Structure formats: C-alpha cells, structure tokens
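Here, each number is a calculation from the coordinates, and none is a lab measurement. Everything quoted here is computed from the prediction, not taken from an experiment. When we count neighbours, we look across all protein chains shown, and the Cβ atoms used for this are built from the backbone with ideal geometry, even at glycine.
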Amino acid sequence: MMRSQLRMVLLVLTLTAVASPLQAQVLPWNIAVDSWFGVDFLVARQDILSRPAIKGTIREYSAEWNPRAPALSGMVEVSPFPFASARLAGSISVGSNSIPVVRDTGFVPGHFEWDLRTEFSAWEAAGLFHLWNAGGYRFSVTAGYRREVWLYQGDPAGRQSADSSLREEFRSDIPFVGLQTAMNFPLWKARFEVLGSWFMTKTIEQKISLGSAAETAKGKGDTGGVILFQMDGATHIRPNVTLGLYVRYSYQEFTGRALLTTNVPGAAESPYKFWFNENVAAFGVYAGVVF
C-alpha cells in the first residue's frame, strides 16, 4: 500500500515537472511553482549492534548493510505568498542487485547465508517561511515531516532449506526543522538546505524463517537523531526549463530497545538493547520547470 501511494506521489510530481511552460504562465493568483523530476543513485551503510538486556539469554549480535540502488525522485514546491512556500517530495528505488550476506540468529545455532535484495522509499511534506526573498536570493526556515523505509528481503543461499526466508525493515519517522538558502537568476539557480531532528523515531524489524523454526525481532530507537544536507544546482536551458545536478547526505544515530521472540521450544522472549548508525548519500540529475 505504501509503495502504491508513493508511486502516485511520484506520478503527480512527474506530470508537474513536464508541464508546458505556456500553461505555467497562466497560473492564477500569481502562484509560483518550482518542480523537478530526476534519477539518482543511492549509496548507504547501516550498522547495528545488539546486546541482551539479561545476560545469558541470547548472544551479542552485530550486522551491517551496504545497499546500492538507483532511484526515481521528484519534488514540487508551491509559493502562494512571497513569504511562504509548501513542498512535497518523494523517492523510490527502481532496481537492486542481490548482495550475499551472512546472518546469525538469536536461538538457532549457526551462520546462515542469504542473497539480499533492497527496496527504498521516502516521502516528505514541508512548509517554508522566507525570512528574506528579494534580488534573486531567498533565506528560509523550514519544518515538516519525512518518512524513509529500507526493506531487505533475503533468498536462501546456504545450507538452510529452500523455503527459508529473511525480511528486515528499517523505518524512520522524522519531524524536522531546518534552514534553506536559494538563488534564482536568469541563467542558473541553486539551493542548499540543512535539516535536523532530535525527536524522530527509528523502528526496526527482522523476521527469519528456517524451516519450522522462526524468530522475530522488533524494536524502536528513541534516543538519537538525524542530520541531512541537500543541495542542487541547475542551468536554464529555456526560460522556464532547467537541467541540473543534486546531492544529498544524511546521518542517523540511535539507541533503543527491542524484543526477540521465537517458536523454538523452551526459548523465552529476550529483550535487548541496540545501537544503530546509518550513512546515506544520493547523487542525481534532474529536469525541472520553474514558473
């Protein structure tokens, strides 16, 4: 459902980005719109370390993820007033290679090999209040909400049975604040933004099925935060049409608690504490319409 909704958001962004400049010139009430649609490449590194809250219940566990994936991204920013704007943006991965990984489990002894596939999706809604907006320069404060989801699904590649499965999901719910500087001139435009949140949450979930044995780990990181930098620059290939480049980088760090459950006979539920780090970079090209 979430991916279907995100595809609809990206479709709206795409249609807006390729809208005719002639149509743009007849927008009512002098509303300004900045829209773009692009292709980018995601490079990420995620690490998790977990330790049992009660000694002797499960082993200490650590894992890492190194996803690489192309994605489609889009953005529409509407400025109904000189002093304020609203923004809607989204991104979704469109392909990923299988990466071989090894995973331990909490209750079933041994190491298990998987071919891991990656899916990524994100959407964002924000408002901007412009402290200064004149002479081609704009300085703004922004606030909004962003959700990011990394989904990993593994196919058995080791000695486990063919019906075994692995599913890992990281979800970030990010109410954020930030600052933005934007420039718009006859030949080029650029934008730089820094966003942060110290009151976001990180939800993790891992499900492993090994024949008749299965275990599930669910937890939430509620101590930590995120900082995100993004910038783009473009040249006007027509008065209202731009072609440009953009980069984005974010860093997250969290601690939290989770619960490991299993259907292995005689095994009790095991709480544990985890530490999570995430670095994500994106590099892309885009085409846009400004009116």
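The table that follows gives values for the structure above.
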{"read-out": "Point-charge dipole on Cβ atoms (K/R +1, D/E -1) for the chain, about Cα centre, debye to 20", "value": "320 debye"}
{"read-out": "Theoretical gain in end-to-end length, TYR137 to VAL264 [0.36 nm per residue, Cα-Cα removed]", "value": "39.5 nm"}
{"read-out": "Highest-first arrangement of 267-275, 82-90, where packing means the average Cβ count within 10 Å", "value": "82-90, 267-275"}
{"read-out": "Relative compactness, the range 2-290, computed as alpha-carbon Rg over 2.2 N^0.38 Å", "value": "1.17"}
{"read-out": "Pair PHE199, ASP155: separation of 7 Å Cα→Cβ label points (nm)", "value": "4.5 nm"}
{"read-out": "Total lysine pairs under 17 Å (Cα atoms) in the chain, excluding pairs fewer than 8 apart on one chain", "value": "8"}
{"read-out": "Modelled FRET efficiency - R0 41 Å, THR216 with TYR249, Cβ distances, 0.05 increments", "value": "0.80"}
{"read-out": "Cleavage-rule hits, GluC sites (Glu not before Pro), the range 53-148, DSSP coil, Cβ neighbours within 10 Å at most 12", "value": "GLU60"}
{"read-out": "Degrees, to the nearest 10: 2-17 long Cα axis against longest axis of the chain", "value": "20 degrees"}
{"read-out": "Additional length obtainable on full extension of the chain from GLU113 to GLU64, 0.36 nm per residue less Cα span", "value": "16.3 nm"}
{"read-out": "Stokes-Einstein D (µm²/s) once Rh is taken as the Kirkwood radius of the range 215-283 over alpha-carbon pairs, at 20 °C in 1.002 mPa s", "value": "136 µm²/s"}
